[in-house]
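Working notes, structure below.
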Amino acid sequence: MAMETQQIPKEQFLQKAGEFKQAGWQFTLLSGIDRGDKFQAVYHFNKLNAPELLQVTVDIAKDKPAAPSLVSLYPLADWMERETYDLFGIVFEGHPNLKRLFLPDDFDGYPLRKDFVAYKRILPGG
C-alpha cells in the first residue's frame, strides 16, 4: 500500500481538498499535533477499492489557531473537526456547529496542547 504525503498551505487547503474529492479521494481521518512552535492538522484520504493513501499536513499558527473547515466538502469532517477543536483549540472556519464535543462548554483550556496543565499540585511551604 503506497502513501503519498503532501504539505499544503492552509490558504490553499480547501481548494486542494475539492480537487482531491473530484479525483475520487475520500476523507477518512483528521488528527491534530502540537509541534511546540505551531500546530499541524493531519488529514488522511483514501480511494475506495484502491491501495492508495494520501496524508496531507497543514501548518497552523499558534497565535491564531484556525484552518478552513472541510464539512462543506466532506460531512464526515463534522465530528473530527469538533474533536480537534475541543482538544487543541484549533478553530475550523466555516464549520456549521463548532462547539466542544467531549468536554463541558465551560472547560478552561485544551488538554492536548503541550502547555496545558492538568492539575496544579500545591506543595507545603510554597
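Residues in the stretch 1-28 that are of a type in the set (A, V, I, L, M) and touching a helix residue (DSSP H, G or I) at 6+ places or on another chain (Cβ under 7 Å): Ile8 alone. Whenever a residue of the stretch 72-85 is within 11 Å of Asn97 (Cα to Cα), its partners that are at pLDDT 95 or above and of a type in the set (Phe, Trp, Tyr), lying with C-beta atoms within less than 6 angstrom and at least six residues away or across chains, give the pairs Glu81/Phe92.
Kindly evaluate Ala41 against the criterion of being out of contact with any strand residue (DSSP E or B) (no Cβ under 6 Å at 6 or more places or on another chain), open to solvent by less than 60 Å² (accessible area, probe 1.4 Å) and closer than 24 Å to Ala2 by Cα.
Numbers: out of contact with any strand residue (DSSP E or B) (no Cβ under 6 Å at 6 or more places or on another chain): no; open to solvent by less than 60 Å² (accessible area, probe 1.4 Å): yes; closer than 24 Å to Ala2 by Cα: yes.
No: the conditions fail for Ala41.
Close Cβ contacts (under 8 Å, 6 or more residues apart or on different chains) running from residues in the stretch 101-115 that are over 18 Å from Gln40 (Cα atoms) to residues that are small (Gly, Ala, Ser) and modelled with pLDDT under 95 are absent. Every condition in (1) open to solvent by 30 Å² or more (accessible area, probe 1.4 Å); (2) in contact with a strand residue (DSSP E or B) (Cβ under 8 Å, 6 or more places away or on another chain); (3) not in a helix (DSSP H, G or I) holds for Tyr74 except the one numbered (1). Close Cβ contacts (under 6 Å, 6 or more residues apart or on different chains) running from residues in the stretch 46-71 that are closer than 23 Å to His95 by Cα to residues that are open to solvent by 40 Å² or more (accessible area, probe 1.4 Å) and of a type in the set (Ser, Thr, Tyr) comprise Asn46/Thr28; Gln55/Thr5. Looking only at the stretch 78-100, residues that are open to solvent by 40 Å² or more (accessible area, probe 1.4 Å) and either assigned to a loop (DSSP other than H, G, I, E, B) or on the phi > 0 side of the Ramachandran plot (or both) come to 5 in all. For Lys64, the conditions (1) within 28 Å of Pro104 (Cβ to Cβ); (2) open to solvent by less than 40 Å² (accessible area, probe 1.4 Å) are fulfilled apart from (2).
Consider the stretch 45-61 and keep the residues that are open to solvent by 30 Å² or more (accessible area, probe 1.4 Å) and under 12 Å from Gln7 (Cα atoms). The one that is farthest from the chain's Cα centre (by Cα) is Gln55. Is it the case that the stretch 20-30 has a residue that's under 13 Å from Ala67 (Cβ atoms) and either in contact (Cβ under 8 Å) with a residue 40 or more places away in the chain or surrounded by 14 or more Cβ atoms within 10 Å (Cβ to Cβ) (or both)? Yes: one or more hits. Do we find a residue being open to solvent by 70 Å² or more (accessible area, probe 1.4 Å), modelled with pLDDT of 95 or more, outside any helix (DSSP H, G or I) and touching a helix residue (DSSP H, G or I) at 6+ places or on another chain (Cβ under 7 Å) anywhere in the stretch 109-119? Yes, some residue in the stretch 109-119 is open to solvent by 70 Å² or more (accessible area, probe 1.4 Å), modelled with pLDDT of 95 or more, outside any helix (DSSP H, G or I) and touching a helix residue (DSSP H, G or I) at 6+ places or on another chain (Cβ under 7 Å).
The values are calculated or read from the model by the stated rules, or taken from the named source; none is laboratory data. All values reported here derive from a predicted model rather than from experimental measurement. Please note: Cβ atoms are built from the backbone with ideal geometry, for glycine as well, and neighbour counts cover all protein chains shown. These area figures cover heavy atoms from the full protein model, side chains too; ligands, DNA and RNA do not enter into them. Shrake-Rupley method; radii C 1.70, N 1.55, O 1.52, S 1.80 Å.
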